[in-house]
């Protein structure tokens, strides 16, 4: 009788373990994540790389879809994570939240983040991430919270943000972001933080301003204007904004935003950014002109039939806008930070 009970228990345990297995590709992605972030030195790595089901690994949550278990959440904060996110993070297609605040992760956000089309929350506050944000963030239609505060990100927030129609919270404060940011298409957004960045203009005229619970734009030396639904309302209700900033109701009143950025031409790269001298422009099409604007919209440099480089070494530090035009008439404007 004892033997039968033991056999039944073994069969039950085997069945539970079998059912608890996520696909090999997801398990391998987690193992790479563990190794690339110094898992052996985490404060807590209970269950990781053991025979326990992945759902028992510290910080991991799974859920069954159509009879198969998948990883839906990674939440590991303040856990002495040191290292980088590798491309394999994109092999978790069912992931809904990636929350890694208060660690010491560095490097860039991999472009493979765009594979996580079910992602709702991306939180990486208080780390050491750097570089520009991948445009593939615009491939995340369900993203509602993008929290990037207290890192070393640079460059601008591009047109990809238009695609984040479910976005409710955007925290990008305490980074090196520059240029302009247009949130006019994000009509669900209700809390934002831009403070301690180099951003020079914000279009926040999205029809939802009266529902904003928190708006922060302090210690922003380049910011002069914010386009809103109702300038009087914003002036009366949004208190954490620098004194030199004007609330206006049209982009024409906000000079940096009037330097139009065409959305149809994005196949160009400007590097390094930030720069302290020469900036290179990489594009597959020959250029007709390069025009450099100051943060106030004044032309400070103009070249025709250029050699795909601009010398900013003699210009004052700050944010500039480089407008490039091809021989076929396509054009685009990119923010560049001069340090």
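Quick notes on this one:
- Among the residues of this structure, residue 94 counts as one that is over 21 Å from residue 191 (Cβ atoms), assigned by TED's automatic domain parsing to the domain that holds residue 170, crowded, with 18+ Cβ neighbours inside 10 Å and out of contact with any helix residue (DSSP H, G or I) (no Cβ under 6 Å at 6 or more places or on another chain).
- Residue ID - nearest to residue 293 (Cα to Cα), chosen from residues in segment 221-231 that are part of a loop (DSSP other than H, G, I, E, B) and modelled with pLDDT under 95: 222
- Condition check for residue 146: buried (at least 19 other Cβ atoms within 10 Å of the Cβ), in the same structural domain as residue 108 (by TED's automatic domain parsing), closer than 26 Å to residue 252 by Cβ and at pLDDT 95 or above: no
- One residue from 149, 234, 200 being farther than 21 Å from residue 113 by Cβ, touching a strand residue (DSSP E or B) at 6+ places or on another chain (Cβ under 8 Å) and not in a strand (DSSP E or B): 234
- Some residue of segment 34-52 being touching a strand residue (DSSP E or B) at 6+ places or on another chain (Cβ under 9 Å), at pLDDT 95 or above and over 20 Å from residue 127 (Cα atoms): yes
- Breaking point among (1) surrounded by fewer than 17 Cβ atoms within 10 Å (Cβ to Cβ); (2) in a loop (DSSP other than H, G, I, E, B), for residue 130: (2)
- Residue in segment 175-233 that is surrounded by the fewest Cβ atoms within 10 Å (Cβ to Cβ), counting only those that are in contact with a helix residue (DSSP H, G or I) (Cβ under 6 Å, 6 or more places away or on another chain) and under 17 Å from residue 153 (Cβ atoms): 180
The values are calculated or read from the model by the stated rules, or taken from the named source; none is laboratory data. As the structure is a computational prediction, the values presented were derived from the model and not from experiment. Cβ atoms come from the backbone with ideal geometry, glycine included; neighbour counts cover every protein chain shown.
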